[in-house]
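The structure appears right after this line, and notes come after that.
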Amino acid sequence: MIDGLKIFGALGDVEELKKNPLLDWKLQVHERTGVIESQSAEIAGLRFLIKNKFVRVNGSLHKYANEGLHNHDDFGVDRVANVVEDLWERFGISQNSPLNNIEFGVNVCTPFPPKKFLERLICHKGKPFVEKFENEASYHQCEHEHFCIKIYDKGAMYHLPYNVLRFEIKATKMQFFATKGILLKKLGDLGNDRNYHRLGAVLREYFDEILVDEPTIVADTLKESQRKILDVGRNPKTWVRPKRVNFGGKAEYDRTRTEYDRRLVAFRSLLNNHPKAEGWAGIVSDLIADKWAQLSSVNCSRFTI
């Protein structure tokens with residue numbers, strides 16, 4: 001559900017935080033003057049940084065809830081709200097602290113290897129997926145202006161004996177939520193259960209916009225016109241979205257967009273309706289919706305600000 005977050009200006013008593021017995025602070029000292037420039041501490045997947053009276057908090061709420069060990073189990077709204085309350089009780093981090101970054105998503109158990117599913121990703125809204133590596137683990141990411149999408153094999157990351165696929169959206173600009181009608185501005189808003197229905201709808205909506213290939217569909221089973229649709233559609237460059245600024249006139253732009261939309265509908269129809277299609281994307285979409293509904297079913301309004 002809610003995982004990573006960043007708070008650049010956490011509200012609370014800075015001096016009390018410095019004296020917190022749970023935190024082992026490391027000092028960054030200016031070599032010439034000996035003045036302390038900043039101090040940092042880590043605990044169970046969260047990192048605190050103090051600089052010039054400003055407190056920055058970032059890390060994984062999910063890992064923190066599991067004492068920093070992992071984030072591959074279920075993490076529902078009740079546990080999210082408990083962590084928000086815990087940050088206040090243990091570290092004095094106010095629920096009015098403004099949020100700067102949030103990751104939300106789900107772990108789902110798939111009936112097929114997540115690695116094979118990742119190989120089928122084409123793009124999201126014209127942006128291709130890029131495989132990246134971090135701490136000897138890989139993930140597939142698609143970057144947009146205000147958010148990015150990440151999909152990866154969490155089962156392989158933690159050497160689990162079963163399939164776990166992670167799908168998440170990372171809001172890199174908080175106006176992403178405002179455009180979706182989601183009131184998510186401060187830490188305490190994570191305890192507002194009214195946000196979660198809309199978050200779940202956005203999560204599934206964005207997943208369903210991803211183009212996922214059906215490699216079991218081969219050219220020999222298609223008509224000539226369908227072969228062209230398949231070949232062109234499997235190329236991520238096909239789906240770079242036309243921009244008005246690149247066209248001399250509105251009429252030309254409108255024609256290009258109409259052709260783009262027509263091609264997209266034809267490609268999706270081919271992938272969804274061919275008898276050889278395995279329908280993995282639809283399976284994952286349903287799993288995402290079911291898991292989100294399960295995790296958001298607990299009423300946590302007692303933590304609502």
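Some observations on this one:
- Distance from the alpha carbon centroid of region 146-165 to that of region 69-142 works out to 9 angstrom.
- Projection of the Cα convex hull of region 44-91, averaged over all directions and equal to a quarter of that hull's surface, yields 3.4 nm².
- Electrostatic dipole magnitude of the chain [Cβ: Lys, Arg +1; Asp, Glu -1; Cα centre; debye, to 20]: 1120 debye
- Coarse-grained scattering of region 54-211 at q = 0.12 Å⁻¹, given as base-10 log I(q)/I(0) from a Debye sum over alpha-carbon atoms: -0.56
- Residues of type lysines that K276 reaches as a straight line, Cα spacing below 27 Å, ignoring anything fewer than 8 places off in the same chain: K115, K116, K125, K127, K223, K228, K237
- Placed amide H near G4: partners under 5 Å, 5+ positions off or other chain: L61, E103
- Kirkwood Rh, angstrom, region 27-140 [1 / mean 1/r, Cα pairs]: 17.5 Å
- The chain, relative contact order [Cα under 8 Å, separation at least 6], %: 20 percent
- Mean silhouette area of region 209-255, derived from the convex hull of its C-alpha atoms and averaged over all directions, reads 4.6 nm².
- Surface listing: K276, K237, K180 arranged by accessible area from highest to lowest gives K237, K276, K180, probe 1.4 Å.
- Couplings for region 248-262, taken from phi via the Karplus curve 6.51 cos²θ - 1.76 cosθ + 1.60 with θ = phi - 60°, read x, x, 5, 4, 5, 4, 4, 5, 5, 5, 5, 5, 4, 5, 5 Hz in order; Gly and Pro are left as x.
- Rounded, prolate or oblate (a/c below 1.5 giving rounded, otherwise prolate when a/b exceeds b/c) for region 176-265 by Cα gyration tensor: oblate
- Distance histogram in 20 Å bins (all Cα pairs of the chain, percent per bin): 29, 50, 19, 2
- Spatially, region 189-230 and region 6-31 are offset by 43 Å when compared through their Cα centroids.
- Cα gyration tensor shape for region 206-305, rounded if a/c is under 1.5, else prolate or oblate: oblate
- By the equivalent-ellipsoid construction on the alpha carbon gyration tensor, region 16-66 comes out with semi-axes of 24, 10, 9 Å, ordered largest to smallest.
- Amide hydrogen proximity for V106: with H placed 1.01 Å from N in the peptide plane, the residues at 5 or more positions away or on another chain lying under 5 Å are F167.
- Heavy-atom accessible area for D286, with the other protein chains in place and a 1.4 Å probe, reaches approximately 80 Å².
- For region 144-239, averaging the sequence separation of C-alpha pairs within contact (under 8 Å, six or more residues apart) and dividing by the residue count gives a relative contact order of 17 percent.
- Calculated diffusion of region 87-128, Stokes-Einstein form, Kirkwood radius summed over Cα pairs, 10 °C and 1.306 mPa s, µm²/s: 108 µm²/s
- Degrees between helix 224-233 axis and first principal axis of the chain (Cα, 0 to 90, nearest 10): 20 degrees
- Dipole of the chain [Lys/Arg +1, Asp/Glu -1 at C-beta], most positive-end residue of G188, S60, A219: A219
- Evaluated on region 172-224, the Kirkwood hydrodynamic radius is 14.1 Å, with distances taken between all distinct Cα atoms.
- Protein-only accessible surface order, largest first, of W25, W292 at 1.4 Å: W25, W292
- Listed by chain and number, the lysines placed with their C-alpha closer than 30 angstrom to that of K51 are K6, K18, K19, K26, K63, K170, K173, K185, K186; residues fewer than eight positions away on the same chain are left out.
The values are calculated or read from the model by the stated rules, or taken from the named source; none is laboratory data. Please read all numbers here as calculations on a predicted model, not as lab measurements. FYI the Cβ positions are ideal-geometry reconstructions off the backbone, even for glycines, and counts take in every protein chain you see. When the accessible area is computed, the model is the full protein with side chains, heavy atoms only, and any ligands, DNA or RNA have been set aside. Shrake-Rupley method; radii C 1.70, N 1.55, O 1.52, S 1.80 Å.
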